[in-house]
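Following: one structure in structure tokens, then a few remarks.
The values are calculated or read from the model by the stated rules, or taken from the named source; none is laboratory data. No experiment lies behind these values; they were computed from the predicted model shown. Using ideal geometry, Cβ is built from the backbone for each residue, glycine included, and neighbour counts are taken over all protein chains shown. These area figures cover heavy atoms from the full protein model, side chains too; ligands, DNA and RNA do not enter into them. Shrake-Rupley method; radii C 1.70, N 1.55, O 1.52, S 1.80 Å.
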Amino acid sequence: MIKNTEMNQFLQELSSNQPTPGGGGASALAGAYGAALGLMVVHLTLGKKKYAAVEETMKAAESRLEELREEFLSLADQDAESFAPLAQAYRLPSETEEEKAHKTKELERLLFQASKPPLCIMEKAVEGIKIMDFLARNGSRLAVSDVGVGVQFLRTALTGAVMNVWINTGSMTDREKAESLEERAGQLLEAGRKSADEIYALVENALGQ
């Protein structure tokens, strides 16, 4: 079934020598998988008497995870759309001083723009990880393993997207602007990775490992 879906087409395109989709799109897709698994846990929890006390919070988690799933998919497209003009800019002529100045200016502008989608992926991943923490502690025990898988997908979205931030900021000449992006990415990486690892350990413990 899966082999015949559009997922297979995405993987074929990801495997090609074309610049997009690439790591940013794959990171966003990982985030969408994480959000979807979170929704699975929610749906296995809602309506059960045992979890009646967290019903309303669970519904709020359901609503936000549905939004996050769609936002991650949109960010996969945004990442590709922001990188396409950057790839073209690298091919701009640079024979004359005027051409060099124009190319430098365009690259700087586009590198900054291309850093935004992966940074946004990181923000969404951290938000998703926080929801998974709630699900790990309050969701159906029958689906605790899915929390573990989901949080790992969101961790991948986080740690994958930061690579796309770094590769862009590393080429920027405006170091103040670049360092501002890197600082924000670093904060997200540290907080999200630490939380994701704690949740995964919680799931391992719940599974008797």
statement: The answer for the chain, counting only DSSP H helices whose Cα atoms cover 24 angstrom or more along the axis and whose Kyte-Doolittle average is 1.6 or greater, is none
- prompt: Per 5 Å bin, what is the whole-percent P(r) computed from every C-alpha pair distance within the stretch 40-164?
  reply: 2, 10, 17, 16, 13, 10, 8, 7, 6, 4, 3, 2, 1, 1, 0
message: Tell me the net charge near A35. Cut-off is 15 Å between Cβ atoms, A35 excluded, with +1 for each Lys or Arg and -1 for each Asp or Glu.
response: -4
task: Name all residues of the stretch 164-183 having a backbone nitrogen under 12 Å from the label point set 7 Å from the Cα of H102 along its Cα→Cβ direction, giving them as ranges.
output: none
- request: Set the Förster distance to 41 Å, then compute FRET efficiency between L142 and E67 from the Cβ-Cβ distance, nearest 0.05.
  value: 0.95
- prompt: Heavy-atom accessible area per residue, the stretch 30-151, 1.4 Å probe: how many Å²?
  reply: 50 Å²
task: Among the trypsin sites (Lys or Arg not before Pro) in the stretch 51-148, which ones are in a DSSP loop with at most 11 other Cβ atoms within 10 Å of the Cβ? Mind listing them?
output: R91
field: Computed over the chain: relative contact order in percent, which uses C-alpha pairs under 8 Å that are six or more apart
entry: 28 percent
query: When only DSSP loop residues count, what GluC sites (Glu not before Pro) in the stretch 67-175 have their Cβ near at most 12 other Cβ atoms within 10 Å?
result: E95
- line: Result: in the stretch 96-155 the number of Lys pairs with C-alpha under 27 Å apart, spaced 8 or more or on different chains, is 5
field: Nearby lysines by direct alpha-carbon distance to K50 (threshold 21 angstrom, same-chain neighbours under 8 apart not counted)
entry: K59
Cα→Cβ-extended label distance, 7 Å offset, between R91 and E198, nm: 4.8 nm
